[in-house]
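Data first, discussion second: the structure below is written as structure tokens.
The values are calculated or read from the model by the stated rules, or taken from the named source; none is laboratory data. If you're wondering where the values come from, they're calculated on a predicted model, not measured in any experiment. Cβ: placed from backbone, ideal geometry, glycine included. Neighbour counts: every protein chain shown. The area values use the complete protein model at the heavy-atom level, side chains included, leaving out ligands, DNA and RNA. Shrake-Rupley method; radii C 1.70, N 1.55, O 1.52, S 1.80 Å.
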2 protein chains.
Amino acid sequence: MAKKGNIIVGQSGGPTSVINSSLAGVYKTAKERGFHKVYGMLHGIQGFLDEQYVDLSTQIHSDMDIELLKRTPSAFLGSCRYKLPEIHENPEIYEKIFSILDKLNIEVFIYIGGNDSMDTIKKLSDYAIVRGHRQKFLGVPKTIDNDLALTDHTPGFGSAAKYIATSTKELIRDALGLTYNKDMVTVVEVMGRNAGWLTGATALAKTEECDGPDLIYLPEVAFDVEKFLKKIQDLLKKKKSVVVTVSEGIKLEDGRYVCELSGGPDYVDAFGHKQLQGTAAYLAGLIQNEIGCKTRSIEFSTLQRSASHMASRVDINEAFMVGGAAVKAADEGDTGKMVVIDRVSDDPYMSAAGIYDVHKIANNEKLVPRSWLNKEGNYVTNEFLNYIEPLIQGDYQPFMVNGLPQHLVLKK
Amino acid sequence: MAKKGNIIVGQSGGPTSVINSSLAGVYKTAKERGFHKVYGMLHGIQGFLDEQYVDLSTQIHSDMDIELLKRTPSAFLGSCRYKLPEIHENPEIYEKIFSILDKLNIEVFIYIGGNDSMDTIKKLSDYAIVRGHRQKFLGVPKTIDNDLALTDHTPGFGSAAKYIATSTKELIRDALGLTYNKDMVTVVEVMGRNAGWLTGATALAKTEECDGPDLIYLPEVAFDVEKFLKKIQDLLKKKKSVVVTVSEGIKLEDGRYVCELSGGPDYVDAFGHKQLQGTAAYLAGLIQNEIGCKTRSIEFSTLQRSASHMASRVDINEAFMVGGAAVKAADEGDTGKMVVIDRVSDDPYMSAAGIYDVHKIANNEKLVPRSWLNKEGNYVTNEFLNYIEPLIQGDYQPFMVNGLPQHLVLKK
């Protein structure tokens with residue numbers, strides 16, 4: 001067997017709780033498959049262009065480090081948001097990339113990220129084929145938003161869903177404890193500009209001992225303010241604590257975002273900037289104004305994508321699997337491909353890594369099917385729940401040091 | 001031994017992750033000590049006045065239920081915010097309370113709560129002594145804010161601190177992964193109107209592999225906007241990601257809250273209400289305006305007090321201990337007392353339940369000592385860390401059912 005060269009891996013786009021588990025999968029499989037060195041580009045292709053990279057063997061010293069990496073949120077190598085220009089627009093940048101790759105004796109280039117990252121894989125693999133470069137280019141998906149096509153679901157989604165469902169359950173409990181003879185409406189805002197997968201995940205809080213949210217609104221269905229207020233009023237006749245979850249990106253029939261409704265001419269902040277309130281804050285204010293009851297609004301914010309202390313075991317394992325599968329595919333001669341997760345079986349849940357031509361990946365976002373929402377468009381159906389439930393199962397106990405989860409971090 | 005009568009327990013004020021562990025401690029010890037029935041008042045003294053109560057033996061059927069209760073956030077029995085009038089103002093209400101107590105054959109009344117709850121204990125025990133009623137009244141402290149005097153710390157504080165420190169660590173990691181050649185300032189807002197204990201807890205995120213927050217501002221020290229901006233600018237010369245944690249209640253030298261600064265005449269929301277921005281949102285806007293870098297603001301909001309999935313084992317155990325100690329004290333004849341936590345030893349950390357005359361509890365809030373903040377007033381000292389570190393140690397694994405933490409809830 002000919003001696004193998006080196007491999008390089010990068011991370012790109014918004015981080016997730018498990019993007020480092022994919023990195024761990026790449027590293028471990030690359031080592032097992034006999035690659036010489038495994039480099040990590042710092043801050044993705046952007047840092048790579050500045051020749052910022054690290055030999056991962058200086059960072060990962062043991063199986064314990066691999067386990068720690070699986071439990072570390074955010075991009076261990078640093079991330080970037082950088083879209084490569086078209087080849088004909090800027091061939092110099094491609095020449096530069098390949099000269100660095102050749103200098104480092106790279107045979108395989110793996111990029112963990114979202115749609116933009118798959119675009120990078122496509123362009124680089126096209127360029128390599130046209131110019132006769134030997135490198136293989138493979139993509140590994142990640143996004144909490146679960147809006148990538150072709151893959152059954154994306155690594156990162158299950159953990160975000162688990163955190164969101166857990167926190168929703170805890171908030172519902174908190175609200176119930178507080179409402180005796182006064183009504184209260186809690187509005188919870190969840191990430192998701194166009195796709196409502198994460199907001200739908202709040203339905204998981206409906207369990208034998210919890211009602212779950214009362215209403216769930218996704219961007220996939222036009223939001224009707226009047227109907228919403230009517231619904232809240234009806235619910236308040238039956239219960240004292242009403243909990244509503246909404247995607248940040250819910251829109252009216254006419255296409256305006258609900259959060260834009262706060263943008264009257266008078267709504268400027270202390271610095272004179274026109275200010276958009278959050279969607280939940282706006283709706284809570286609206287309810288207070290129109291119905292008069294106590295309200296509170298909560299945004300899960302960045303915690304949704306970084307709360308690795310509540311990551312799903314299934315998700316961490318699958319993220320690891322797709323990282324390793326990318327290395328295997330490249331080692332077996334594939335290029336210009338993205339690894340995906342195929343659902344092999346529902347009961348028991350089983351998944352496997354599949355592979356897709358990166359040219360076939362459309363840039364459109366995968367939305368929640370309309371049929372997975374109820375008729376009124378204010379809750380998800382059992383199909384949705386059957387789809388998502390397996391993805392939040394199990395956990396990897398954080399390694400607790402001095403009472404806090406320990407992370408693996410880059411040593412420079 | 002004479003046959004014992006019954007005992008009643010209630011919960012009051014803002015809930016915590018461990019207020020139910022105190023309830024579990026009351027229940028278990030009452031049963032062990034031979035009390036006949038253990039009643040729980042629903043929504044504290046307010047529900048009690050409406051004769052809303054439950055026999056806890058219909059709710060707790062096993063040691064497993066006790067363990068589940070310890071892991072359930074918010075007030076299992078429901079909470080209230082209700083201050084008893086002075087005895088001379090409304091003697092009828094006291095007569096009503098004691099007639100219900102007599103009807104239920106109550107010998108011991110235990111109230112888990114904050115300052116207002118201790119006021120309730122004081123008034124009821126005074127009334128009982130003056131009127132010759134036999135009931136004993138005992139208070140069990142709880143608050144995430146840790147602002148009660150006489151007790152070394154309050155049950156609920158350690159778990160909130162653990163959640164806040166964990167989330168801060170995860171947010172710092174998230175920010176680091178995102179900042180390559182652009183600066184970003186993250187401003188995190190933590191609960192605490194007058195006392196900065198919880199915001200100080202973010203310093204725990206400073207560990208061998210994490211810088212922790214760069215600046216920490218508590219309400220105990222006047223906030224200087226100019227100095228703050230200068231400090232941020234200096235930090236941005238050295239690092240790309242700066243993370244600042246602030247108490248919601250930080251104030252200027254002249255006593256105005258920082259969040260009030262957003263309240264210019266133009267700052268009204270979509271409904272014409274004058275609107276106060278959050279402290280973090282205001283400061284993030286200010287930094288963006290004055291320094292021009294990317295900012296983000298995050299509020300931990302209600303999650304701080306309800307995230308029992310990240311509760312501290314020390315805290316849960318101590319909450320259980322003080323619940324049990326209240327029953328013991330009453331059983332041994334005490335009344336008009338509050339149980340406190342005494343720190344017996346620092347290394348190894350050991351604590352024990354103590355007891356205080358509830359008349360001696362001043363209503364003033366316990367603040368972070370000035371000497372536990374650095375000279376500039378923008379970080380906590382090692383004394384602060386030595387105090388808080390033992391309180392976040394260990395965990396109780398949540399009982400996970402179908403991927404989510406299970407709770408014990410009231411069956412009606």
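About its Cα centre, segment A:113-197 has a charge dipole of approximately 440 debye under the convention of +1 per Lys or Arg Cβ and -1 per Asp or Glu Cβ, with nothing else charged.
Identify the trypsin sites (Lys or Arg not before Pro) of segment B:24-88 meeting these criteria: DSSP loop state and at most 15 other C-beta atoms within 10 Å of the C-beta.
Sparse-neighbourhood loop trypsin sites (Lys or Arg not before Pro): B:Lys83.
Taking the label point 7 Å along Cα→Cβ, A:Lys96 and its counterparts in the other copies are spaced 7.7 nm apart, in ascending order. Every Cα-Cα pair of segment B:4-57 was included, and the share exceeding 15 Å stands at 47 percent.
So if we plug the beta-carbon distance of A:Glu209 and A:Ile87 into 1/(1 + (r/R0)^6) with R0 = 41 Å, what FRET efficiency do we get, rounded to 0.05?
Values: r = 57 Å, r/R0 = 1.39.
Once the sixth-power term is evaluated, E becomes 0.10.
Computed on the Cα atoms alone, the convex hull of chain B gives a volume of 179 cubic angstrom per residue. Peptide A:399-411 has a mean of 6 when you count, residue by residue, the C-beta atoms of other protein chains within 10 Å of its C-beta.
What total accessible surface area, summed over both chains, is buried at the interface between chains A and B, computed with a 1.4 Å probe and given in Å² to the nearest 100?
Working: alone 18170 and 18180 Å², together 30300 Å².
That pair of chains buries around 6000 Å² in total.
With the charge dipole of segment A:288-412 set up from +1 on Lys and Arg Cβ and -1 on Asp and Glu Cβ about the Cα centre, the Cα lying farthest toward the positive end among the listed residues A:Gly394, A:Gln288, A:Ala330 is that of A:Gln288. Rolling a 1.4 Å probe over the protein chains gives A:Asp211 an accessible area of about 100 Å². In the protein assembly as shown, the inverse of the mean reciprocal separation of distinct Cα atoms equals 28.1 Å; this is its Kirkwood hydrodynamic radius.
In the assembled protein chains, A:Trp197 presents an accessible area of approximately 10 Å² (probe radius 1.4 Å). Computed from Cα positions, the angle between helix B:91-103 and the longest principal axis of chain B comes to roughly 60 degrees.
Tell me, what is the FRET efficiency for B:Met350 and A:Val225 to the nearest 0.05, using R0 = 41 angstrom and their Cβ-Cβ distance as r? Can you show the working numbers first?
Working: r = 57 Å, r/R0 = 1.40.
Efficiency, rounded to the nearest 0.05: 0.10.
Backbone N atoms of segment A:285-299 closer than 20 Å to the 7 Å Cα→Cβ label point of A:Lys182 belong to residues A:285-298.
Note on exposure: B:Phe228, B:Phe320 ranked by accessible area (1.4 Å probe, complete protein assembly) read B:Phe320, B:Phe228, with the most exposed listed first.
When the alpha carbon coordinates of segment B:111-229 are projected onto the principal axes, the ranges are 74, 30, 18 Å, largest first.
Both radii are taken from the alpha-carbon atoms of segment A:169-324; with Rh as the Kirkwood radius, Rg/Rh is 1.01. Against chain B, whose longest principal axis comes from its Cα atoms, helix B:115-131 is set at around 20 degrees. Put a plus charge on the Cβ of each Lys and Arg, a minus charge on the Cβ of each Asp and Glu, and nothing anywhere else: the dipole of segment A:146-299 about its Cα centre is then about 480 debye.
Using only the Cα atoms, work out Rg/Rh for segment B:19-129, with Rh taken as the Kirkwood radius, to two decimals. Write out the running numbers ahead of the final one.
Working: Rg = 14.3 Å, Rh = 14.8 Å.
Reported Rg/Rh, Kirkwood definition of Rh: 0.97.
Thinking of segment A:143-204 as a set of Cα atoms, what percent of all their pairs are more than 21 Å apart?
On the way: 610 of 1891 pairs.
Of all Cα-Cα distances in segment A:143-204, 32 percent exceed 21 Å.
Relative contact order of segment A:308-412: 32 percent, from C-alpha pairs under 8 Å at least 6 residues apart in sequence. Dividing the helix sum by the residues of chain A, where each DSSP H run of 4 or more adds -39500 (n - 2.57), gives a mean residue ellipticity at 222 nm of -10500 deg cm²/dmol. Here B:Lys4 yields copy-to-copy label distances, from shortest upward, of 6.8 nm, the label point defined as 7 Å from Cα along Cα to C-beta. Entry note: segment A:283-412 has Rg to Rh equal to 1.07, where both radii use alpha-carbon atoms and Rh is the Kirkwood radius.
Evaluated at 25 °C with a viscosity of 0.890 mPa s, what Stokes-Einstein diffusion coefficient in µm²/s does segment B:95-176 have when Rh comes from the Kirkwood expression over alpha-carbon pairs? The partial results should precede the final answer.
Working: Rh = 15.3 Å.
The Stokes-Einstein estimate is 161 µm²/s.
Each copy carries a label point for A:Lys239 at 7 Å from Cα along the beta-carbon vector; from one copy to the others these points are 4.3 nm apart, nearest first.
What FRET efficiency, computed as 1/(1 + (r/R0)^6) with R0 = 22 Å and r the Cβ-Cβ distance, is obtained for A:Lys238 and B:Thr58, rounded to the nearest 0.05? Write out the running numbers ahead of the final one.
Numbers: r = 24 Å, r/R0 = 1.10.
E(calc), rounded to 0.05, equals 0.35.
Averaged over peptide B:162-169, the number of partner chain Cβ atoms lying within 10 Å of each residue's Cβ comes to 4.
Using Cα pairs under 8 angstrom and six or more residues apart, how large is the relative contact order of chain B, in percent? List each step's numbers first, then the result.
Details: 898 pairs, mean separation 91.5, N = 412.
This gives 22 percent for chain B.
For segment A:157-195, trypsin sites (Lys or Arg not before Pro) meeting the loop criterion (DSSP other than H, G, I, E, B) and having at most 13 other Cβ atoms within 10 Å: A:Lys182. Residue by residue along B:179-186, Cβ atoms of other protein chains within 10 Å of the local Cβ number 3 on average.
Solvent-accessible area of B:Ser22, all protein chains in place: 0 Å² (probe radius 1.4 Å, heavy atoms, ligands and nucleic acids excluded).
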